[in-house]
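The structure appears right after this line, and notes come after that.
The values are calculated or read from the model by the stated rules, or taken from the named source; none is laboratory data. Only a predicted model underlies this, so the values are computations on that prediction, with no experimental measurement involved. Please note: Cβ atoms are built from the backbone with ideal geometry, for glycine as well, and neighbour counts cover all protein chains shown.
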Protein chains: 4
Amino acid sequence: MPKVSEAHRHNRRKQILDAAIECFSHRGFQRTSMDDIIRESKLSAGAIYLYFQSKDQIIETLADERHDREKQLIQQSLSQGDWTENLRLLVRNFYESLENSAERKERRLGIHLWAEALCNPKVLRLIRRGINQPVKLLSQAIGEAQVDGLLGKDIDPEAAARVLIAMFHGLILQQAWDDGTDIESFAVVVQAMIDAYLSTESRRRP
Amino acid sequence: MPKVSEAHRHNRRKQILDAAIECFSHRGFQRTSMDDIIRESKLSAGAIYLYFQSKDQIIETLADERHDREKQLIQQSLSQGDWTENLRLLVRNFYESLENSAERKERRLGIHLWAEALCNPKVLRLIRRGINQPVKLLSQAIGEAQVDGLLGKDIDPEAAARVLIAMFHGLILQQAWDDGTDIESFAVVVQAMIDAYLSTESRRRP
Amino acid sequence: MPKVSEAHRHNRRKQILDAAIECFSHRGFQRTSMDDIIRESKLSAGAIYLYFQSKDQIIETLADERHDREKQLIQQSLSQGDWTENLRLLVRNFYESLENSAERKERRLGIHLWAEALCNPKVLRLIRRGINQPVKLLSQAIGEAQVDGLLGKDIDPEAAARVLIAMFHGLILQQAWDDGTDIESFAVVVQAMIDAYLSTESRRRP
Amino acid sequence: MPKVSEAHRHNRRKQILDAAIECFSHRGFQRTSMDDIIRESKLSAGAIYLYFQSKDQIIETLADERHDREKQLIQQSLSQGDWTENLRLLVRNFYESLENSAERKERRLGIHLWAEALCNPKVLRLIRRGINQPVKLLSQAIGEAQVDGLLGKDIDPEAAARVLIAMFHGLILQQAWDDGTDIESFAVVVQAMIDAYLSTESRRRP
DNA sequence: AATGAATGAGGCTTCATTCAT
DNA sequence: TATGAATGAAGCCTCATTCAT
């Protein structure tokens, strides 16, 4: 058994996962057959099973790799010191990522994963984990904003974080259903809502 | 002349659709076999094909019937005269519908439809139609609010409507992934955001 | 159970058999579903089973009724006294029946029965019976022609009869496969062959 | 690299087609289920679909391969120089092929194809092609015989060819319906008819 | 490591026939 | 008599996975 370099293994895995993303994002998990992935990856049936134990494992792997993007999106945006600026950056980054058509496939895949999570415990666990991290990051930041007096203390930071993420998810859906969706105008509204929300408290102070 | 009553036909259809919802919401469209639906409906294979031409047609029928709920939700909430009160009602109604565990199945089904729309043109068309109506209703109302001076004229009413709906969709997702999600606290945040948003303009005026 | 007139029963049967011929001649026996026949006959499923026990029985009934035509064709043509004239008439009649497009359906049905006979013993028996009678009629006549010295005694009358019928069957096939087949030119050739055949013997005699 | 040899692929195809012929010739196309063919071929369901796209394609393949035999039969018989001898050979060869019980299955299959052609456009096209070639060969030869003065110029060569083929087809039918059919006596009659037909013209000449 | 032919359970749907009305 | 809804076995085909090479 001619053992192969780690780099080779990594490339093969990527080759398979890329093919899987291509197929899954177009036709969903169940409609995509292993044959589709085999054809797209230009590998053989046997080869794929050398790198993944099953179709489900491919799906799980993709689910696992998926939410990194969102986490990064948020982490990048929270690196600044200024809290208001942070949020502005977050919305901006999110808006730009939606505009990035290269990621369209990944977003579609993400939606399939959201549904898959409802009937696949492993995917569900991964999705939850994938959402908890951003929630934690965001609510931490919001908590700090409260401490700084930028936000009313009556707000539940986690709830606020989740609402923000919900908005993002919902917009991803709408864009996936209608490619012509005007993302820019979304961003304006979202930014305005956040601005209004943030300024509420500051106004309360004399 | 055993031509059966219209009521009987209607009941049978419902029997099938209920079984389908039960199955689909648990296991998604493709993982659910016709045999599952047959067993759940306690009908025979042939009987089902007396009422629906194919599995896909059942899915489409469900997609068609699905978004009525959302439309109703919004229509009910916009019947009042007072605009601010209307929005409060909308959020309240949505919150209550999320709490209503009887509709949990339907919401899970809805999520499956969201993903299905990505690879099923007919479902996509139905989803779009299902979303356009609420958007129209909401943006009309928002437009009126602008005329009344409750909202800045620089806001795109449709974008605002879509953001609101996005939030709802996103929250449906989070609740589906985690039954323990604290819906009440969501509602508080959403309401606060809207309040803040609405009051922005009024503050501008002396 | 309101017993119905014999005429009524007869009409219903004809209604069903006509529908069956229409369907079977177009799509063969197995491709035609009972539903096709039900629709074509404008009766109900139950009604048909009041008159026939099964789909197979309909087929058998049609097979039974089918070969009367051929028998008639031959019987008509053998009524004359002059033997040569008889054969001329037979060919003529056959030629005319092929031209008769109203019977096209029946001829197609006949071909389906020929194939069906290969895997349906009852139909096979009926086909055999349907062929034996013409063979008997024809070979009897040929036998008489031999006695009259019109034909060589070395000819097997039954074989000659069967060859004649084979020709007819083969021509039915060719016409069924190609509607534009030139039947008239067939008739000329067949007639010429028969003429030549018959005159062989007469020539032998000084 | 288990990409299998071309010979292996060819054998598998033959294995499937042989099984199909066995089944189809006994029970016709529609009565034969894929399961029958699978069982008879001793392959798995999936394996068969590796070689043929559908049941219909198997039927079409058989139709395609079928009429070679008839063509060969005629071609072999027309290789001689002497025209009269050619026809004698043709009849002889046909007679022998009918006697050959190993081909009985193929002849039964052929009859099923004749009926199938009436409701399957692809098979119809193949049958037509399968008949046109023999017709062309035969009528060419007959045309040459006319030039040689062996046959009256008033005869349509194609019609004569078609009548000859019709006779063959008709005899195939009769033999299929009754295994005891006396083929030898058929041959005698057919030969006698042809002889008589051919000698007509020569007699006209002084 | 890599191939791709082979497996066979299981998917969707049709259809001849029955039976309550 | 007549209806047509209902049955459920059986039909064709697909697909994730394995294994000899």
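With the condition kept exactly as written, say whether any residue in segment B:74-85 is over 18 Å from the mean Cα position of the chain (by Cα), under 19 Å from B:Lys122 (Cα atoms) and more than 11 Å from DNA strand F (Cβ to nearest atom).
The answer is no, given that none of the residues of segment B:74-85 is over 18 Å from the mean Cα position of the chain (by Cα), under 19 Å from B:Lys122 (Cα atoms) and more than 11 Å from DNA strand F (Cβ to nearest atom).
Collect the residues in segment D:28-59 that are of a type in the set (Phe, Trp, Tyr) and more than 7 Å from DNA strand F (Cβ to nearest atom), keeping them in residue-number order.
D:Phe29, D:Tyr51, D:Phe52
Against the condition free of Cβ contacts under 8 Å to residues at least 40 places away in the same chain, out of contact with any Cys (no Cβ under 7 Å at 6 or more places or on another chain) and in a helix (DSSP H, G or I), how does A:Asn86 come out, does it pass? Write out each step before concluding.
Details: free of Cβ contacts under 8 Å to residues at least 40 places away in the same chain: no; out of contact with any Cys (no Cβ under 7 Å at 6 or more places or on another chain): yes; in a helix (DSSP H, G or I): yes.
The answer is no for A:Asn86.
What is the one condition in (1) out of contact with any Lys or Arg (no Cβ under 9 Å at 6 or more places or on another chain); (2) facing another protein chain (nearest Cβ under 8 Å); (3) surrounded by fewer than 19 Cβ atoms within 10 Å (Cβ to Cβ) that C:Phe168 does not satisfy?
(3)
Have a look at A:Asp156, A:Asp182 and point out the one that is at the interface with another protein chain (Cβ under 9 Å from one of its Cβ atoms) and in contact with a Ser or Thr (Cβ under 7 Å, 6 or more places away or on another chain).
Unique residue meeting the criteria: A:Asp156.
Within segment D:15-27, track down each residue that is over 19 Å from D:Ala117 (Cα atoms) and either near DNA strand F (Cβ under 8 Å from one of its atoms) or among the small types (Gly, Ala, Ser) (or both).
Residue satisfying the conditions is D:Ala19 alone.
Do you know which residues across segment C:46-73 are aliphatic (A, V, I, L, M) and either touching an Asp or Glu at 6+ places or on another chain (Cβ under 8 Å) or closer than 14 Å to C:Arg125 by Cα (or both)?
C:Ile59, C:Leu62, C:Ala63 - these are the residues of segment C:46-73 that are aliphatic (A, V, I, L, M) and either touching an Asp or Glu at 6+ places or on another chain (Cβ under 8 Å) or closer than 14 Å to C:Arg125 by Cα (or both).
Step by step: first the residues of segment C:1-42, then only those that are outside any helix (DSSP H, G or I) and within 11 Å of DNA strand E (Cβ to nearest atom), then the one that is nearest to the chain's Cα centre (by Cα). Which residue is that?
C:Thr32
List every residue pair whose Cβ atoms lie under 8 Å apart, where the two residues are 6 or more positions apart in sequence or sit on different chains, the first residue falls within segment D:47-59 and is under 23 Å from D:His112 (Cα atoms), and the second residue, located anywhere, is near DNA strand F (Cβ under 6 Å from one of its atoms).
Listed by first residue and then by second, the contacts come to D:Ile48/D:Met34; D:Lys55/D:Met34.
Identify, from the list B:Ile48, B:Ile59, the residue that is in contact with a helix residue (DSSP H, G or I) (Cβ under 8 Å, 6 or more places away or on another chain), outside the structural domain of B:His10 (by TED's automatic domain parsing) and of a type outside the set (S, T, N, Q).
B:Ile59
Quick one: which of B:Ala161, B:Ala145 is buried (at least 22 other Cβ atoms within 10 Å of the Cβ) and modelled with pLDDT under 95?
Result of the check over B:Ala161, B:Ala145: B:Ala161.
Can you tell me which condition D:Ser25 does not meet? The list is (1) more than 14 Å from chain C (Cβ to nearest Cβ); (2) touching a residue at least 24 places away in the same chain (Cβ under 8 Å), and all the others hold.
(1)
Hey, among the residues in segment B:125-134 that are surrounded by fewer than 19 Cβ atoms within 10 Å (Cβ to Cβ) and touching a helix residue (DSSP H, G or I) at 6+ places or on another chain (Cβ under 8 Å), which one's farthest from B:Ile74 (Cα to Cα)?
Looking at residues that are surrounded by fewer than 19 Cβ atoms within 10 Å (Cβ to Cβ) and touching a helix residue (DSSP H, G or I) at 6+ places or on another chain (Cβ under 8 Å), I get B:Arg128.
Scanning for something in a helix (DSSP H, G or I), within 14 Å of chain C (Cβ to nearest Cβ) and modelled with pLDDT under 95, does segment D:67-83 turn up at least one residue?
Within segment D:67-83, one or more residues are in a helix (DSSP H, G or I), within 14 Å of chain C (Cβ to nearest Cβ) and modelled with pLDDT under 95.
Quick one: which residue in D:Glu99, D:Glu60 is more than 14 Å from every other protein chain (Cβ to nearest Cβ) and in contact with a Lys or Arg (Cβ under 8 Å, 6 or more places away or on another chain)?
D:Glu60
Since D:Leu138 meets every condition but one in (1) at the interface with another protein chain (Cβ under 7 Å from one of its Cβ atoms); (2) under 19 Å from C:Val188 (Cβ atoms), which condition does it not meet?
With (1) at the interface with another protein chain (Cβ under 7 Å from one of its Cβ atoms); (2) under 19 Å from C:Val188 (Cβ atoms) applied to D:Leu138, the lone miss is (1).
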